[in-house]
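Here is the structure we will look at, set down as structure tokens.
All of the numbers you see were taken from the coordinates with simple rules; none came from a lab. Just so it is clear, the structure is predicted and the values come from calculations on it, not from any experiment. All Cβ positions, glycine included, derive from the backbone under ideal geometry; neighbour counts span all protein chains shown.
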Amino acid sequence: MDQNNWMLMMCPSVGPDGVIIGDTLYSTFMNGTSGDDLVYWNATSLTGMNSPPAMAVTGLLPNLNYQSYPRIDNFGNALAIVWKQNVNGSDQLPIRFTNNINAGLTAGYDTVDLGNITNADVALANGSIFVVWQDDNSATVRYRSGTFTPFSSVNEIQRDEITLDVYPNPGQGLFTLACSGNMAGIEVRNMLGEVLMRTEPGQKTSLIDLSACAAGLYLVKVVSGGHTQTRKIIIQ
């Protein structure tokens, strides 16, 4: 995904992050191999395991000092990326968003907040978007929220005919999955794509035990009635 010859151990705290939509892994990360610390995003086919060159979220901006701390999330085809950037000595919290990633991200970005920003995260669900960040000036954690109209088509409606809840999330390793239909299959993968668990519970709720797994981010995919839903889960 990162084809810019950058040593990840140089900046382990600033990414990467990723989500899966259909057959595509969308990822974001910081890279400084060009001499400028820039945030990039990428779309990788999971079937073909082929990845085009990563794209900068903005490219070079006038008086840009650096970009860092990118985070990404999705709901259906809607996708958003947030990051921190410093322009002319002032911190900014930008966001790029689309309600249909198949049409690409918006050409420009919006600014969520200005000044004293350490890092941020973004979450999308049911037509709502939330951005949360650490504000060093007030020594508080803040958030802003907004709404969007989810993209819909015949195929999208069919794909979203099931709903999936995972709780508690974050958790210690024991997670309950609650699906709107009987689950024909559950699959858990780590962020390297390795399958850690497969099961066929055949019911609407199921308990999965990941307590033997290390703390971190994992992906759980549920199949029900020929449709799939994927959720990120966090083991603390």
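Quick notes
- Integer Hz, Karplus 6.51/-1.76/1.60 couplings in order for the stretch 116-130, x for Gly and Pro: 6, 9, 8, 7, 8, 8, 9, 9, 10, 6, 6, x, 10, 10, 10
- Candidate lysines - alpha carbon under 27 Å from LYS204, same-chain residues fewer than 8 apart omitted: LYS221, LYS232
- Computed about its Cα centre, the charge dipole of the chain is approximately 240 debye, with only Lys, Arg, Asp and Glu carrying charge at their Cβ.
- Extents of the stretch 162-235, largest first, come to 31, 23, 16 Å (Cα atoms, principal axes, whole angstrom).
- Mean projected area in nm² (Cα convex hull; one quarter of hull surface) for the stretch 53-158: 7.3
- Taking 37 °C and 0.692 mPa s as conditions, the stretch 15-114 diffuses translationally at an estimated 237 µm²/s according to Stokes-Einstein applied to its Kirkwood radius (Cα pairs).
- Adding -39500 (n - 2.57) for every DSSP H run of four residues or longer, then dividing by how many residues the chain holds, sets the calculated 222 nm ellipticity at -500 deg cm²/dmol.
- Rounded, prolate or oblate (a/c below 1.5 giving rounded, otherwise prolate when a/b exceeds b/c) for the stretch 103-233 by Cα gyration tensor: oblate
- Think of the chain as having a plus end and a minus end, set by charges on the Cβ of Lys, Arg, Asp and Glu; of GLN85, CYS179, ILE233, CYS179 sits farthest toward the positive end of this dipole.
- Cα gyration tensor, the stretch 92-131 - rounded (a/c under 1.5), prolate or oblate: oblate
- Label separation (ALA103 vs TYR167): 3.4 nm, computed from points 7 Å beyond Cα along the C-beta direction.
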